[in-house]
1. Restricting the first residue to the range 62-73 and requiring it to be touching a residue at least 24 places away in the same chain (Cβ under 8 Å) and under 11 Å from Ala90 (Cα atoms), which pairs with a second residue that is polar (S, T, N, Q) and assigned to a helix (DSSP H, G or I) meet a Cβ separation below 8 Å and a spacing of at least six or different chains?
2. Say whether the condition of being under 30 Å from Ala130 (Cα atoms), surrounded by 15 or more Cβ atoms within 10 Å (Cβ to Cβ), touching a residue at least 12 places away in the same chain (Cβ under 8 Å) and in contact with a Phe, Trp or Tyr (Cβ under 9 Å, 6 or more places away or on another chain) is met by at least one residue in the range 41-53.
3. Restricting to the range 61-109, what's the tally of residues that are within 30 Å of Met51 (Cβ to Cβ) and not aliphatic (A, V, I, L, M)?
4. Kindly indicate whether any position in the range 121-136 is in a helix (DSSP H, G or I) and farther than 30 Å from Glu26 by Cβ.
5. With respect to the numbered conditions (1) within 21 Å of Lys119 (Cβ to Cβ); (2) loosely packed, with under 15 Cβ neighbours inside 10 Å, which one is the sole condition not fulfilled by Asp20?
6. Report, by residue number, each residue of the range 73-88 that is surrounded by 14 or more Cβ atoms within 10 Å (Cβ to Cβ) and part of a helix (DSSP H, G or I).
7. Quick one: what pairs do we get from the range 75-100, first residue more than 19 Å from Glu63 (Cβ to Cβ), second among the β-branched types (Val, Ile, Thr) and part of a helix (DSSP H, G or I), C-beta under 7 Å, 6+ apart or different chains?
Amino acid sequence: MGVFSRFLDIVNANINALLDKAEDPEKMIRLMIQEMEDTLIELKSSAAAKMATLAKSKREYNEFEEEMKRWQARAELAISKGREDLAREALLAKRQISERLEPLLAQIASSEELISVAKSEIDQIEQKLASVKQKYQTMVDRANRAKEEEVVNTTMRRSTDDRFAEMQDQIDRMQASNELNRKNASLDEQFRKLEEMEELEAELDELRKLAGGKK
């Protein structure tokens with residue numbers, strides 16, 4: 001089922017209100033564009049047919065005018081030759097043609113009015129269509145920006161997570177290194193103390209020897 005049922009539905013449509021009510025705004029706006037383009041094709045086809053009719057009517061009108069001039073010239077020729085009977089027939093033929101001009105003029109005026117209305121309708125539909133296409137493009141651009149932002153955010157989030165993981169690994173390595181250094185320092189300290197004790201014991205032995213010798 002279409003969104004619009006006739007020309008006035010399109011022209012008077014509140015596009016924003018229709019989109020607000022739509023479950024799928026993007027699908028709705030694509031349908032609107034399709035219906036408007038179809039309507040434009042029909043309107044332009046109808047206008048083209050009216051313009052062809054107008055051109056034919058104007059061509060017939062010009063032909064009738066030329067024929068009237070020809071009968072007028074014949075009537076004048078017949079009078080100049082003393083043939084009033086022929087002049088009378090020529091004037092009668094001219095009158096019969098002139099009687100066909102009035103309805104033709106009315107037809108031309110009607111066709112021009114219909115064409116004017118058709119062109120106005122086409123302009124209104126084209127303006128509405130341009131507005132809808134702009135809304136659609138805005139919708140597409142917004143969706144594309146959202147996708148791009150999502151990609152950027154995901155990339156940044158991954159980059160940040162990777163950076164945090166790298167920093168955590170670095171911290172773990174530093175902590176392990178510090179722990180190892182502390183262990184090495186403790187070991188060195190213990191051996192240093194042992195070495196100091198050994199030196200002290202050696203000095204005490206020397207002192208004991210000296211003290212024993214004095215006795």
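Readers should treat all values here as calculations from the given coordinates under stated rules, not as data from a laboratory. A quick note: this is a predicted structure, and the numbers were derived from the prediction, not measured. Every residue, glycine among them, receives a Cβ derived from its backbone with ideal geometry; neighbour counts consider all protein chains shown.
1. Met68/Ser98
2. Yes, some residue in the range 41-53 is under 30 Å from Ala130 (Cα atoms), surrounded by 15 or more Cβ atoms within 10 Å (Cβ to Cβ), touching a residue at least 12 places away in the same chain (Cβ under 8 Å) and in contact with a Phe, Trp or Tyr (Cβ under 9 Å, 6 or more places away or on another chain).
3. Qualifying residue count, the range 61-109: 16.
4. Within the range 121-136, none of the residues are in a helix (DSSP H, G or I) and farther than 30 Å from Glu26 by Cβ.
5. (1)
6. Matches in the range 73-88: Arg74, Ala75, Ala78, Ile79, Leu86, Ala87.
7. Pairs that qualify, where the first residue is more than 19 Å from Glu63 (Cβ to Cβ) and the partner is among the β-branched types (Val, Ile, Thr) and part of a helix (DSSP H, G or I), are Ala87/Ile79.
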